[in-house]
Amino acid sequence: MRTIVTDLDGTIAFGGCRPVRAIRSALFALAAAPDTRVVLATSRTPRCIGDWFGPRAHRFDLVCCNGALVVARSGAAVTRTAIPATAVGHIVAALGAAGAAYCLEYGHEFVATDHDSLPWWGTRHRRVLAPGRVPDLAGVVKVTVARTQGWARTFGALEGVDVFPHETGDLDVVAGGVDKAAALAGLLGGTSTAVLAFGNDRNDLALLRAADRAVVVGAGLVELDGLPAVRRVAASPDAVLAALRAGARQIVDVVPAGPATTSAVTAPPVAPIAAVSAASRAAARSG
């Protein structure tokens, strides 16, 4: 059994657009193989994956919102980890006082400070926050700040959250202990599998370190200490497609047959929510 897990933006998708057809076709073909599991691990939501991959998106396991929202490929298991409401309140108050643009993701919709902030989030399911109105603080799975501007240190000091600054200049806040590697560990549940991971940004580091083989896309992520067998490829569809095909052939030999191996990464506690399951399946059918 092999598991291929990949980030989206800057890794297999470029310029804010969905992956090119050749990469999508390669992922669909891999996911159709009986010995292969394909996991899309992204800061985006299941809504976006449904738009990008269409009705066949259900073939993939989804690790979304940096691990805060997980959708199994069967559609039967959806888990989420919300940020503590107290922490969200502190974050919203600080950003509001500074006039900083942000979005709050709830899993089925998101609230934005305006119509234009973080445009790659799209307009569908966007609710613009009325001036002076406090958003719902409960059930937020991710806060994204449009401009980092020192917020990483400010919010990193809050209890119960983890912060992921991005190379693109924005910043994500999720519940403490949430990341892509922990979500993948919970999804696999100790299954004996060789893991090939693709990533390009700091929120991918834990995932890359937990894999048997890792592919770093682009010139970022200079802190590669502690990574497994790793290669770096150019940030272009052709280079990524070649690495995906080569890696898929090689990864089957990484883990020998034998007792199940368990990742050293422990998944955080999560709670099932039927509402997001329905929304996620609807998103997977769109596009």
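Points to keep in mind about this one:
- Scanning region 161-219 for residues that are open to solvent by 30 Å² or more (accessible area, probe 1.4 Å) and among the β-branched types (Val, Ile, Thr) returns VAL163, THR168, THR191.
- Note on region 228-244: residues that are part of a helix (DSSP H, G or I) and crowded, with 16+ Cβ neighbours inside 10 Å total 5.
- Note on region 106-152: among residues that are charged (D, E, K, R) and farther than 19 Å from ALA175 by Cα, the one that is surrounded by the fewest Cβ atoms within 10 Å (Cβ to Cβ) is ARG133.
- Restricting region 79-136 to residues that are of a type in the set (S, T, N, Q) and more than 26 Å from ALA182 (Cβ to Cβ), the residue that is modelled with the lowest pLDDT: THR123
- Filtering region 105-156 to residues that are of a type in the set (S, T, N, Q) and in contact (Cβ under 8 Å) with a residue 24 or more places away in the chain leaves SER117, THR144, GLN149, THR154.
- Residue identified as crowded, with 23+ Cβ neighbours inside 10 Å and not acidic (Asp, Glu) among THR42, THR36, THR86, THR79: THR42
- Hits in region 11-33 - residues which are small (Gly, Ala, Ser), open to solvent by 30 Å² or more (accessible area, probe 1.4 Å) and more than 23 Å from VAL145 (Cα to Cα): ALA22, SER25, ALA29, ALA32
The values are calculated or read from the model by the stated rules, or taken from the named source; none is laboratory data. These numbers were taken from a predicted model, which means no experiment stands behind them. So basically every Cβ, Gly included, is an ideal-geometry build from the backbone, and we count neighbours across all protein chains shown. Side chains included, ligands, DNA and RNA excluded: accessible areas come from the protein's heavy atoms. Shrake-Rupley method; radii C 1.70, N 1.55, O 1.52, S 1.80 Å.
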